[in-house]
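Working notes, structure below.
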Amino acid sequence: MEYRRLGRTDLKVSVICLGTMTWGQQNTEAEGHEQMDYALDQGVNFFDTAEMYAIPPKPETQGATERIIGTWFKARGNRDKIILASKVVGRGTFDWVRDDKGPTRVTRKQIVEAVDKSLKRLQTDYIDLYQIHFPERPMPWGSNPTRFSKAAFERPDDETPIAEQLDAFAEIVKQGKIRHLGLSNESAWGTMSFVQDAAARGTPRVQSIQNAYSLLNRTFETALAEIAIREDVGLLAYSPLAQGFLTGKYLDGARPAGARTTLFDRGQRYQGAGTEEAIKQYIAVAREAGLDPAQMALAFVNSRAFVTANIIGATKMEQLKTDIASIGVTLSPEIEAKIDAIHQLVGNPCP
């Protein structure tokens, strides 16, 4: 396993990060425990979760994933071996997350409630990296837009200023409940606003940004990559396999039994015009090189200089083993050139 520094902290996290959002819905508690056991044995020391999980979000399963991680910590007694990341829900209409049944916002009151509930479910007294799942302000789908959307950048009257958000997190860091702060689904403007405000006012600086990044969406490279490198706010890449579409399992309308898109029909993000043809071209490159398509896609993400960690997720152990093993795959300059040539033609078809 390879390890990289998390932002400007003293933490070294595994390049492969274990994503957990299927536990408590697609995966049982026992299966979640099995995945964590295997990942830790392979050198993975970085787990990512959220108060919203399991996914798809619904009242019946909200918090289930954190509870599964918590029972694993209790059973194994190994909390000190894991760098744990979780998230507070951003702006939304999820009226079943908070005690007051109101819409979710990144306010001091809601941050405090969210942290305390997560700590209880996780059966720990601290979270290493606490992330804002998506911004307090309205944002485009996934915050990785492939085109401008004016409606997505409206400024609501009840928007919580970034300074107020940072003040709330500063209190919780001082209390020892969280160690470091991160962003998720954030833009270049938002990231720099957090960085600059923290520097000016002495509040905790953000150490990472978790955004979608894969062969089907490389928009992070156009603005955020420079921020990640110069400001040490590295990317925690989610959906590196585009919810499984880059494995080829959904090609030509296939819907394998038990697969996420088969079960929940939530793959529209990766079903837009031109996407399937792009996937076929990337898979052809992998096959020609004798590589597993999933491992090629993951190895590409692993190799980026602005990436701190690559968040994988699996529902089956064979998938998990394949994904973790991508750390041993190195792409030749010839393969990277072929990938770039495809990207030049197909661009970023998925938000």
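The values are calculated or read from the model by the stated rules, or taken from the named source; none is laboratory data. Remember, it's a predicted structure, so these values are computed and weren't measured experimentally. Heads up, the Cβs are rebuilt from the backbone with ideal geometry, glycines too, and the neighbour counts pull from every protein chain shown.
Descriptive notes on the structure:
- Pick from segment 27-47, criterion out of contact with any Phe, Trp or Tyr (no Cβ under 9 Å at 6 or more places or on another chain) and either without any contact (Cβ under 8 Å) to a residue 24 or more places away in the chain or assigned to a loop (DSSP other than H, G, I, E, B) (or both), ranking: surrounded by the most Cβ atoms within 10 Å (Cβ to Cβ): Gln42
- Unmet criterion (only one of (1) within 29 Å of Gly24 (Cβ to Cβ); (2) without any contact (Cβ under 8 Å) to a residue 12 or more places away in the chain; (3) in contact with a helix residue (DSSP H, G or I) (Cβ under 8 Å, 6 or more places away or on another chain); (4) not basic (Lys, Arg)) for Thr315: (2)
- Against the test of being at pLDDT below 95, of a type outside the set (Val, Ile, Thr) and closer than 25 Å to Arg5 by Cα, the options Ser143, Ser149 yield a single qualifying residue, Ser143.
- Helices (runs of 4 or more DSSP H) completely within segment 219-322 that count 3 or more residues being of a type outside the set (Gly, Ala, Ser) and surrounded by fewer than 21 Cβ atoms within 10 Å (Cβ to Cβ): 224-230, 260-264, 275-288
- The listed residue being under 25 Å from Lys174 (Cα atoms), surrounded by fewer than 24 Cβ atoms within 10 Å (Cβ to Cβ) and not small (Gly, Ala, Ser), out of Lys101, Lys81: Lys81
- Of the residues making up segment 50-107, just one is farther than 16 Å from Thr20 by Cα, in contact with a strand residue (DSSP E or B) (Cβ under 6 Å, 6 or more places away or on another chain) and polar (S, T, N, Q), namely Thr104.
- First in segment 259-271 and closer than 19 Å to Pro349 by Cβ, second anywhere and among the polar types (S, T, N, Q), Cβ under 6 Å, 6 or more apart: Gly267/Gln243; Gly267/Thr261; Tyr270/Gln243
- Residue count, segment 176-202 (criterion: part of a helix (DSSP H, G or I), in contact with a strand residue (DSSP E or B) (Cβ under 9 Å, 6 or more places away or on another chain) and either of a type outside the set (Ser, Thr, Tyr) or modelled with pLDDT under 95 (or both)): 4
- Selected residue (criterion: surrounded by the most Cβ atoms within 10 Å (Cβ to Cβ)) from residues of segment 1-15 that are part of a loop (DSSP other than H, G, I, E, B) and within 17 Å of the chain's Cα centre (by Cα): Leu6
- Criterion: among the polar types (S, T, N, Q) and either over 23 Å from Arg98 (Cα atoms) or without any contact (Cβ under 8 Å) to a residue 24 or more places away in the chain (or both) - qualifying residue of Thr160, Thr191, Thr124: Thr191
- One residue from Ser214, Ser184 being closer than 22 Å to Gly92 by Cβ and either touching a residue at least 24 places away in the same chain (Cβ under 8 Å) or among the aliphatic types (A, V, I, L, M) (or both): Ser184
- Filter result for Asp157 (outside any loop (DSSP other than H, G, I, E, B), among the acidic types (Asp, Glu) and surrounded by fewer than 21 Cβ atoms within 10 Å (Cβ to Cβ)): no
- When Arg205 is tested against (1) crowded, with 20+ Cβ neighbours inside 10 Å; (2) at pLDDT below 95; (3) over 27 Å from Leu298 (Cα atoms), just one condition goes unmet, and that condition is (2).
- Unmet requirement for Thr71, which otherwise passes all of (1) polar (S, T, N, Q); (2) within 23 Å of Thr322 (Cα to Cα); (3) in a helix (DSSP H, G or I): (2)
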